1. Going by the alpha-carbon gyration tensor, a ≥ b ≥ c the square roots of its eigenvalues, is the range 20-75 rounded (a/c under 1.5) or, if a/c is not under 1.5, prolate (a/b greater than b/c) versus oblate?
2. Take 89, 7, 77 and order them by how many other Cβ atoms sit within 10 Å, fewest up front.
3. Describe numerically, in nm with one decimal, the distance between label points set 7 Å from Cα along Cα→Cβ at residue 111 and at residue 89.
4. Between the range 35-68 and the range 103-123, what's the alpha-carbon centroid distance in Å?
5. Taking only the C-alpha atoms, wrap a convex hull around the range 4-120 and report its volume per residue in Å³ as a whole number.
6. Can you figure out the FRET efficiency of residue 10 with residue 121, using R₀ = 35 Å and their beta-carbon distance, to the nearest 0.05?
7. Please work out how much length the chain gains when fully extended from residue 43 to residue 96, using 0.36 nm per residue of separation minus the C-alpha to C-alpha distance, in nm with one decimal.
């Protein structure tokens, strides 16, 4: 059975590049355009991994991450934070909020794919 990854980003081109890269890697993809939708879809669909942008409307990526980690039904799902904000304070917030990985934009789609595989297919 294919592993499912939810990608949340408000930039259509980032969503598309990320979706295509992960689909090529054999993953099933769910898309969300903001943090609120990401939380709702994660609760409903229980993907195997969530990729969250930080700066999004409705609810930012950190709020969404904290919400997912506070819920017993979604706390176990690994989350990758993807952001254009590379400051150390942002990285620390991602780590203390429960993200398994922090990647800065522009990012390498192949790096994201290999990290997703590493997280979802431990050897």
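Each reported figure results from applying straightforward, stated rules to the coordinates on display, with no laboratory input. Keep in mind that what you see is a predicted model, and the values were worked out from it rather than measured. No Cβ is skipped: glycine too gets one built from the backbone with ideal geometry, and neighbour counts run over all protein chains shown.
1. Working: a/c = 2.15, a/b = 1.35, b/c = 1.59.
Taking the square roots of the gyration eigenvalues as a ≥ b ≥ c, the range 20-75 is oblate.
2. Numbers: 89 8, 7 28, 77 18.
In order of increasing Cβ crowding within 10 Å: 89, 77, 7.
3. Result: 2.3 nm between the two label points.
4. That distance is 18 Å.
5. Working: hull volume 9.9 nm³, N = 117.
Roughly 84 Å³ of hull volume per residue.
6. On the way: r = 29 Å, r/R0 = 0.82.
Between residue 10 and residue 121 the formula returns 0.75.
7. Details: separation 53, 0.36 × 53 = 19.08 nm, distance 2.15 nm.
Gain on extension, residue 43 to residue 96, equals 16.9 nm.
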